[in-house]
Each structure stands twice: as C-alpha cells, then as structure tokens.
Amino acid sequence: MSITKEEKQLLAKAMNQILEHPETWDQTVWHCGTSHCFGGWVQIFGGHKESDTVIASMRELLPNVSENDVFWVTDSDRTIPELYRWVYFMVHIDDTLTPIEVPE
C-alpha cells in the first residue's frame, strides 16, 4: 500500500524544513528549543504537541508508513542525505510494478 498524498506532503514539508534551514535540525533530540529531529518536524507540522512522543505521533500521522521505517527515520544516527533519500523514495513510490531497465 502506498502512502497517502497527505502523508507525502507531511514528509516533504519536514524534509524541506531541514534542507532550507539546517540550523533547525538536530537528529539527536526530538525537540530542543527551535531545533528538532526529522520526526519532531513531522510532529510539529502534523499539529501534534511537542510533549507527545515522536514515535507515537509519527505512527498516528503516517499510518501507511511501516513501524520499521518510523524507527529507522527517527534514529539519532540518520544524516540529512539518508533522510532525503528515504523521503524521496516514500514520496515517489506507488504500487505499480514495472520492469526495471538495466543500462547496457
């Protein structure tokens, strides 16, 4: 099952916040003043309170994202390029399976 348009928009909004304002990103803490981890930004843009746990908020806001993906994306070792690749994949994935062309 693909994620919904709303879920894609929420993921993209959080990623774009980090790309456009990297000083507001700190993957080692959910929330610290004006800095937040990726999941913290999802939580804020999704309208949840910072006092809620990020994992619980992400599971509620992104019901079509697997629990494994939620744990992966909230890991404190994630880098901006890793997060970007994951969000890009999630935003562009669909249920259509087409043959993969291998370059010659």
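Every read-out reported here was derived from the displayed coordinates using simple, explicitly stated rules and does not represent laboratory data. These numbers come from a predicted model, not from an experiment. All Cβ positions, glycine included, derive from the backbone under ideal geometry; neighbour counts span all protein chains shown.
Under the convention that each Lys and Arg Cβ holds +1 and each Asp and Glu Cβ holds -1, the size of the dipole of region 5-92 around its Cα centre is about 240 debye.
For region 5-92, the relative contact order comes to 31 percent (Cα pairs under 8 Å, sequence separation of at least 6).
Going from the residue with the fewest nearby Cβ atoms within 10 Å to the one with the most, Lys49, Lys8 rank Lys49, Lys8. Coupling constants for region 73-85 follow from the phi torsions by the Karplus curve (6.51 cos²θ - 1.76 cosθ + 1.60, θ = phi - 60°), and in residue order they are 6, 9, 4, 5, 8, 5, 9, 4, x, 5, 4, 4, 4 Hz; glycine and proline get x.
At a temperature of 20 °C and a viscosity of 1.002 mPa s, determine how fast region 5-92 diffuses translationally according to Stokes-Einstein, using the Kirkwood radius over alpha-carbon pairs as Rh; express D in µm²/s, rounded to the nearest whole number.
171 µm²/s
Note that region 3-12 has calculated 3J(HN,Hα) couplings of 7, 6, 4, 5, 5, 4, 5, 5, 4, 5 Hz, one per residue in order, obtained from phi through the Karplus relation 6.51 cos²θ - 1.76 cosθ + 1.60 (θ = phi - 60°); glycine and proline are x. Couplings 3J(HN,Hα) of region 60-68, computed from phi: 6, 6, 10, x, 9, 9, 5, 4, 4 Hz, in residue order, whole Hz [Karplus 6.51 cos²θ - 1.76 cosθ + 1.60, θ = phi - 60°; x for Gly and Pro].
With a 10 Å Cβ neighbour count serving as the proxy for reagent exposure, in which order, fewest first, do Val54, Val65, Val91 appear?
Val91, Val65, Val54
Annotation: amide H of Trp25 within the under-5 Å range of His36, sequence separation 5 or more or interchain, hydrogens built in the peptide plane.
Residues Trp41, Trp30, Trp86, ranked from the fewest to the most other C-beta atoms within 10 Å, line up as Trp86, Trp30, Trp41.
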